[in-house]
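K.L.:
One structure follows; several queries about it will come next.
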Amino acid sequence: MTDIITPSRATAKLIDGKAAAAAVDAAAAAGARQLEPRLGRAPCLAVVLVGEDPASQVYVRNKVRRTEAAGMRSVEHILPADISQAELLTVVRALNEDEGVDGILVQLPLPKGLDETEVVQTIRPDKDVDGLTAQSAGALVLGAPGMRPCTPSGSVFLAKQALGDLTGKSVVVIGRSILVGKPAALLFLAENCTVTLAHSRTQDLPAVCREADIIVAAVGRPNMVKGDWLKPGACVIDVGINRVEGENGKSRLVGDVDFEQAIETAGFVTPVPGGVGPMTIAMLLANTVAAAARRASLAVPGPVADVLPG
Ligand code: NAP
């Protein structure tokens, strides 16, 4: 965590997602090293990329690079955008059956015409390192062991880094998507927080937000959450990634929270980029090590168990 030096009225501390992600990557690497002699191989993550979306290509490259840097095996399936649903399902089923693969990630969004839900639900739950199958979602609701979605797990990790024990904190999650908002709400609930799940129909959202010790913004609207929506000292976890035109005509990334305003009121803020973003892959690596251990009926290695949410 670093103090923000400028602007002069800033009160918030910056939550350094890159440093936190490096720590989680290191935990995954340590866990992979512990497992390798017992498995007789390194844990393995398979990534499926369909089509040529440039952002997805960058995400997949980063996933491969960080998987290998953590001492794990990476398998890539790069498939054409015009692949049929049946052919794509055949690839996923083959990965399901491959004993050497511990985790399967299908990069979303899929090109138009492909049924994302069917593809995701075809992934074997014990290899569902993205935590998006119905079984993983059910386990999260039940508080049973299972794969937790990566971005929400990263959000909880960062809030704990800033505040320590989260018991009793009031949390407002803005956004109720399956990918981020809903699982984030359940994960904060599992940390004994009092959770409000806000969305586009929430009445007087600024007033709702002002009650929160922790705000998790997962909306996809640039700079929507203003400084006067925040309780002084609040912890702001900005999940949003929005590309906007910069002053010099170049595009830049901003979050869902007005960063310049937030740092004048909040106690802690995640920057965009460099906040929640890097945590997503880190939690994917941790989930892959956990999947490898559970599939072999071994305990999840301590360093990984320590960084994953309950
Ligand atoms: P999504 O599926 O589009 O969901 C957006 C949610 O925001 C919806 O629940 C929607 O409410 C709500 N919303 C929209 N306008 C609102 C408003 N004016 N006031 C309150 N709530 C409003 O988006 P998502 O997949 O959850 O992603 C959200 C953001 O997180 C995006 O910027 C995305 O790029 C980013 N993201 C980042 C990462 C990462 O690694 N850091 C990972 C995933 C996503 P309704 O349900 O009522 O429509």
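K.L.:
Using the Karplus equation 6.51 cos²θ - 1.76 cosθ + 1.60 (θ = phi - 60°), what ³J(HN,Hα) coupling, rounded to whole Hz, does each residue of the stretch 288-297 give in order, writing x for Gly and Pro?
P.N.:
So the J values, rounded to whole Hz, are 5, 5, 4, 5, 4, 5, 5, 5, 9, 6.
K.L.:
For the chain, what proportion of DSSP beta bridges, expressed in % and rounded to the nearest 5, is antiparallel? If you can, show how the numbers build up before the last one.
P.N.:
Working: 6 of 35 bridges.
Within the chain, antiparallel bridges account for around 15 percent of the total.
K.L.:
Out of all DSSP beta bridges in the stretch 213-265, what portion is antiparallel? Express it as a percent rounded to 5.
P.N.:
45 percent
K.L.:
How far apart, in nm, are two points set 7 Å out from the Cα along the Cα-to-Cβ line at ASP98 and at LYS112?
P.N.:
3.1 nm
K.L.:
Right, something else. Counting only GluC sites (Glu not before Pro) that sit in a DSSP loop (anything but H, G, I, E, B) with at most 15 other Cβ atoms within 10 Å, what is the longest stretch of the chain containing none of them?
P.N.:
Numbers: sites that count: GLU52, GLU99, GLU211, GLU247.
Counting only loop sites that pass the neighbour cut-off, the longest clear stretch is 100-210.
K.L.:
Could you give me the ³J(HN,Hα) list for the stretch 90-96, computed from phi with Karplus coefficients 6.51, -1.76, 1.60 and θ = phi - 60°, whole Hz, x at Gly and Pro?
P.N.:
5, 4, 5, 5, 5, 5, 4
K.L.:
Extension gain GLN57-GLU76, at 0.36 nm per residue separation less the Cα-Cα distance, in nm? Don't skip to the answer; put the middle values down first.
P.N.:
On the way: separation 19, 0.36 × 19 = 6.84 nm, distance 1.14 nm.
Extra length available between GLN57 and GLU76 comes to 5.7 nm.
K.L.:
Full-extension gain between GLU260 and THR90, please, as 0.36 nm times their residue separation minus the C-alpha to C-alpha distance.
P.N.:
Separation in residues times 0.36 nm, less the Cα-Cα distance, equals 56.4 nm.
K.L.:
First check a/c for the stretch 13-131, with a ≥ b ≥ c the square roots of the eigenvalues of its C-alpha gyration tensor; if it is under 1.5, answer rounded, and if not, answer prolate when a/b is larger than b/c or oblate otherwise. Kindly include the intermediate steps, with their values, before the conclusion.
P.N.:
Values: a/c = 2.24, a/b = 1.36, b/c = 1.65.
Judged from the Cα gyration tensor, the stretch 13-131 comes out oblate (a/c at least 1.5, b/c at or above a/b).
K.L.:
What does the helix-only formula give at 222 nm for the chain: each DSSP H stretch with n ≥ 4 adding -39500 (n - 2.57), the total divided by the residues, and the result rounded to the nearest 500 deg cm²/dmol?
P.N.:
Taken over the chain, the calculation gives -13000 deg cm²/dmol.
K.L.:
How many angstrom separate the Cα center of the stretch 288-310 from the Cα center of the stretch 98-154?
P.N.:
The two parts, judged by their Cα centres, are 16 Å apart.
K.L.:
To continue, here is another question. Explain nothing, just the number: relative contact order of the stretch 144-237, from Cα pairs under 8 Å at least 6 residues apart, as a whole percent.
P.N.:
On the way: 149 pairs, mean separation 28.5, N = 94.
About 30 percent, as a whole number.
K.L.:
While we're looking at this one, here's another question. How big, in percent, is the set of alpha carbon pairs in the chain lying more than 30 Å apart? Mind showing how you got there, number by number?
P.N.:
Values: 15632 of 47895 pairs.
Roughly 33 percent, once rounded to a whole number.
K.L.:
Separate question: Please tell me which of these pairs span more than 31 angstrom C-alpha to C-alpha: LYS18/LYS112; LYS63/LYS182; LYS127/LYS182; LYS13/LYS112; LYS127/LYS160; LYS63/LYS169?
P.N.:
Beyond 31 Å: LYS18/LYS112; LYS13/LYS112; LYS63/LYS169.
K.L.:
If you don't mind, another one. Working out 0.36 nm times the residue gap between GLU68 and ILE178, then minus their Cα-Cα distance, what length gain in nm do you get to one decimal?
P.N.:
36.7 nm
K.L.:
Please report the antiparallel percentage of DSSP beta bridges with both residues in the stretch 1-156, rounded to the nearest 5.
P.N.:
Among the beta bridges of the stretch 1-156, antiparallel pairing accounts for roughly 15 percent.
K.L.:
Determine the equivalent ellipsoid of the stretch 86-219 by diagonalising the alpha-carbon gyration tensor, then write out the semi-axes as square roots of 5 times the eigenvalues, largest first, rounded to whole Å.
P.N.:
Rounded to whole Å, the semi-axes are 32, 17, 11.
K.L.:
Shape call for the stretch 149-261 from the C-alpha gyration tensor, a ≥ b ≥ c root eigenvalues: rounded (a/c under 1.5), prolate (a/b greater than b/c) or oblate?
P.N.:
Note, shape of the stretch 149-261 comes out prolate.
K.L.:
So what are the ³J(HN,Hα) numbers for the stretch 252-265, from phi and the Karplus equation (6.51, -1.76, 1.60; θ = phi - 60°), rounded to whole Hz, Gly and Pro as x?
P.N.:
Karplus-based 3J(HN,Hα) across the stretch 252-265 equals 9, 9, 10, x, 8, 10, 6, 4, 4, 6, 4, 5, 8, 10 Hz.
K.L.:
List the residues, sorted by chain then number, that are 5 or more residues from VAL50 or on another chain and whose placed amide H is less than 5 Å from its amide H.
P.N.:
Those qualifying (amide H under 5 Å, at least 5 residues apart or on another chain) are LEU79, GLN107.
K.L.:
Using a Gaussian network model on the chain with a 10 Å cutoff between Cα atoms, which of PRO54, PRO109, PRO222 fluctuates the most?
P.N.:
PRO54
K.L.:
Take the chain, mark every one of the trypsin sites (Lys or Arg not before Pro) that falls in a DSSP loop and has at most 15 other Cβ within 10 Å, then report the longest stretch left between them, sites excluded.
P.N.:
Looking at the chain, 113-200 is the longest stretch - no exposed trypsin sites (Lys or Arg not before Pro) with at most 15 other Cβ atoms within 10 Å.
Each value in this text was obtained by applying a stated rule to the coordinates, not by laboratory testing. No experiment lies behind these values; they were computed from the predicted model shown. Because the Cβ atoms are built from the backbone with ideal geometry, glycine has one as well, and the counts that use them run over all protein chains shown.
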